[in-house]
Amino acid sequence: METSNTKTFEEESVATYKKIELPPIYKDIEPLLRIERFPTIWCPACGLGLLLKTFAKAIVKSKIPPEKHVVVSGIGCTGRIAGYIRVDGYHVTHGRAIPFATGIKLAKPELEVSVISGDGDIVSIGGNHFIHAARRNIDLNVIVINNFIYGMTGGQLGSTTPKGAKTMTSPYGNLEEPFNLPLLAHACGASFIARWTVFHDTQLLDAILRAFEIKGFSVIEVLSPCAIFAERNNMKMLELIKILRTKTKVDHNAPLEELTISPDKPIILGNFVERREKPSFDKLVFDIIKRVGGE
Amino acid sequence: MTKLLKPGVYFMEGNIACAEAALIAGCRFYVGYPITPSSEIMHHMARRMPEVGGVFIQMEDEIGSIMAALGASAAGVKSMTATSGPGLSLMQESIGLAAMLELPVVIVDVQRAGPSTGIPTLMGQGDVMQCRWGSHGDYEVVAYLPSNPQEFFDMTIEAFNIAEQLRIPAFVLADKVVGQMYGKVRVPDYSEVKITERTKPDIPPDKFREFLPYDSKYLVPPFAAAGDGYRIHMTGLMHDERGYPNLTKEASWKLVTRLVRKVRENAKKIAKWDEINVDDSKIIVIAYGSVSGSAKKAIKIAREKGIKVGLFRPRIVWPFPTWRIEELDSKNYIDTFVVVEVNMGQIYHIVKGYVKNAKVIHISHAPGYLPEPEYILSQIEKIYKR
C-alpha cells in the first residue's frame, strides 16, 4: 500500500486557497475541472497536469455529456486525477481501479468509463486485474501513466522502471526487465493499444477519443516526466522532458516486441493496435440477459 | 417479479435459499470467485441472474470480486458477493473502502475451518472477529448469523435492507453446515417482504454543485450514483462533506465518528437474539449459527434432567447485544455463562468483557466439527456439578 506524504501540502493548499483563474485558452475545459481544489498536489513540471488538460479536452470533444463520463483511479500521484476532474470520479484502493470500473460499466453500460492511474497501480499491484480485464475485452478506457517509478512514495523501483535505472530500491541499478505494456496488452486481447507522451497532446487527444469510441478494452500508455525519477537518476528534469519530447519516434506499425523502453534506444510511440471487430464483454453479458428473457 | 421464486414452501439447500433471497431483496449484480463451501451460491446466480435481468460475473480473485461489487453499488445497483474465510481475508482492504465510501454491499461468508486453507469442506466459526475487525481503521458493520436455510433466506434479505439503509457493508456469516444443509424454506408473499432502498438526493441533478455527497447533517447522507448527474467525487482518503480529500483533524473527527455512529446509535434497533429459559437458569449457554442447534438440543436434555440451563443465541453478531448480557449478568440466579463456539475463543472475549458478576467459561471445539449435543451436555453437567 502506498502511503501519501501530501498532508502538509494539502493543508497548505487549504490555507492559501484563493480562486484560481484559468487562462482564456482553457475556458472550454473549465467546467470539467474542480478548480476549487487547485493547486494540485503534483510537483512543478510534472506531466500529470498536461494529461488532465488533454483528458478534459477529450471529454469536451467526445460529444458524450460529462454526466455520462466516469473516471476511476487507484492510488498514487496519477490516482488524484479522479478528484480534479468534474465528472463522477472514484479514487479507490491501490491497484483496484479496474475491477471497480468493471462493476460500474456492467451496472450501467451506457456510461463511458475510464480508468486513469499510474503504472505501479495498474500493472504492478493491479496487474492481475489488468490482464483479465483485457482478456475479457470489457469496454473500459485504461490510461496508464508511465513515469517509470513510484513517485508518491519517494521513488522506488516499479515494474516499468527501465533496466539499469536507479531508484531508492535499486541503488545499484534496476536488475529487472520492465514490462513492454503494448505487447502485454496485445497478448491479453485488448482492442485498442497506443503509447504517447503527455507532450504529444494532439496525438494523445486523438487516441483518447478513439478509446472512447471503441467498444472494447483500450489501453493508452502515456509517458510522463517525474521529478522524482529525474532526481534519483541524477538528471535535470529538463533533460527528462527533452528525452520524452525528442528521443521518441512515431511508428504505428512497429513490431510490438520492439517496444520495450530502454535508455539506449529511441522510444517508439503510436497507435499500435486497433481491433474493432471483437465484441466487448459488457455487450455479451447483456446479449445473454436478452436471450434468457431478463427484464 | 414473476421470475423470482414464487411464494410457497420449498425444500432447498441453504446456499440456494440465500441466492434466491438476494434476488427477492433486489440484488441485480452478483460477482464472485469460486471457493468451497460457498460456490453453490455463485452457480445458482450464474444461471438465475440473467433471468431476472441482472448481471453475473466471475472475477479473477476475491479482491476483484468485492471491488466490482462496490463499483456496481456506486452505480446504484444492489450487489453482493459470497465467499469463505480465505476469500474474506483477501477482501478486507476493500471492505474498508466500502465503509469509507459508504457503499452498500452484501458479503456472504460461508465459513469453513481455518486458519489458512484449513478444512475447505468442513464448518468453522473462525471469521466472526475477522468480519468485524478485518480492515484497518475504525468502521462498523452489521453481521447476521443464520442457523438453518430458512434463516439464511430471511437474513440475506435483512442484510440487503440494512446495507441500503445505513450505507455499510453487511455480512451474512453462515457456515458450511448451514450453507449445504437442506431444509424447509417458506418464501413469504411479496407483500410481506420489506425491501429498503438507499435514499436519493433531494436536490435535482442540475444543481449538482450544491449537492454534498457526505453532508454531515445526515447520519446517513443521501446517495448519488454514478451517472445520476451529480458529478460526485468519492475517495478512500479522509474527506470532507464535498467528498474532497481533507486530512485535517476536524474532517477526520467528523467523518469517522459519523461512520461508527451509523451503527452504534442504531445498535439497539439492529441487534436481534433469541433467549430460552433465561428467567430461572443458573447457567446460560451462548451459542450462535449452526452450533445453536446443537446447544438447543443439549439444553432440552439437560432441562429434562433437572439442570437449570438456558440459551442466549445472537441472531446478529455485530452489533453484539452487550447491554442484554449486562442485564442477564445482573440477575443473581445466573452464575455462569458458557460460550460454545467452533473456534478457540472469539465471542467469548466479548461476553467476558461485559460480565462482571458471573463466571464466563469457554467451550472451544475443533475447527471443522460441529459440537454434538452430547458434548455440550457433558460440559454443562460438569459445570453444574461444581
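The values are calculated or read from the model by the stated rules, or taken from the named source; none is laboratory data. These numbers come from a predicted model, not from an experiment. Counting neighbours? That spans all protein chains shown, and the Cβs are built from the backbone with ideal geometry, glycine included.
Table for the structure above
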| quantity | calculated |
| --- | --- |
| Test result for B:S73, closer than 23 Å to A:G126 by Cβ, assigned by TED's automatic domain parsing to the domain that holds B:F29 and under 17 Å from the mean Cα position of the chain (by Cα) | no |
| Search result, residues across segment B:243-253 that are crowded, with 18+ Cβ neighbours inside 10 Å and either more than 12 Å from chain A (Cβ to nearest Cβ) or under 14 Å from B:E102 (Cβ atoms) (or both) | B:G243 |
| Residue check, A:E221 of a type in the set (D, E), surrounded by fewer than 20 Cβ atoms within 10 Å (Cβ to Cβ) and modelled with pLDDT of 95 or more | no |
| Residues that are touching a residue at least 60 places away in the same chain (Cβ under 8 Å) and either assigned to a helix (DSSP H, G or I) or under 15 Å from the mean Cα position of the chain (by Cα) (or both), drawn from segment A:107-118 | A:S114, A:I116 |
| Condition check for A:I138: touching a helix residue (DSSP H, G or I) at 6+ places or on another chain (Cβ under 7 Å), in contact (Cβ under 8 Å) with a residue 12 or more places away in the chain and in a helix (DSSP H, G or I) | no |
| Residue within segment B:355-368 that is aliphatic (A, V, I, L, M) and touching a His at 6+ places or on another chain (Cβ under 7 Å) present | no |
| Looking only at segment B:254-281, and only at residues there that are small (G, A, S) and in contact with a strand residue (DSSP E or B) (Cβ under 6 Å, 6 or more places away or on another chain), the one that is nearest to the other protein chains (Cβ to nearest Cβ) | B:A271 |
| Candidates A:I208, A:I261 - the one that is touching a Ser or Thr at 6+ places or on another chain (Cβ under 9 Å) and over 22 Å from A:V113 (Cβ atoms) | A:I261 |
| Unique residue being assigned to a helix (DSSP H, G or I), within 26 Å of A:L284 (Cα to Cα) and either at pLDDT below 95 or small (G, A, S) (or both) when the list is A:A133, A:A56 | A:A133 |
| Condition check for A:L204: away from every other protein chain (no Cβ under 14 Å), more than 17 Å from A:N180 (Cα to Cα), at pLDDT 95 or above and crowded, with 19+ Cβ neighbours inside 10 Å | yes |
| Among (1) assigned to a loop (DSSP other than H, G, I, E, B); (2) in contact (Cβ under 8 Å) with a residue 60 or more places away in the chain; (3) of a type outside the set (A, V, I, L, M); (4) surrounded by fewer than 18 Cβ atoms within 10 Å (Cβ to Cβ) - the single one B:G289 does not satisfy | (4) |
| Matching residues, segment B:229-242, being more than 8 Å from every other protein chain (Cβ to nearest Cβ) and not basic (K, R) | B:M238, B:H239, B:D240, B:E241 |
| Residue match in segment A:26-34 (condition: without any contact (Cβ under 8 Å) to a residue 12 or more places away in the chain and in a helix (DSSP H, G or I)) | yes |
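For (1) among the small types (G, A, S); (2) at pLDDT 95 or above; (3) under 27 Å from A:G47 (Cβ atoms), each residue gets a yes or a no:
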site	(1), (2), (3)
A:E213	no, yes, yes
A:M235	no, no, yes
A:T246	no, no, yes
A:L256	no, yes, yes
A:G270	yes, yes, yes
A:E274	no, yes, yes
A:P279	no, yes, no
A:D282	no, yes, no
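Rundown of residues vs (1) surrounded by fewer than 20 Cβ atoms within 10 Å (Cβ to Cβ); (2) modelled with pLDDT of 95 or more; (3) assigned to a strand (DSSP E or B), yes/no style:
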| position | (1), (2), (3) |
| --- | --- |
| B:E326 | yes, yes, no |
| B:I334 | no, yes, no |
| B:V339 | no, yes, yes |
| B:M344 | yes, yes, no |
| B:Y348 | no, yes, no |
| B:G353 | yes, yes, no |
| B:K356 | yes, yes, no |
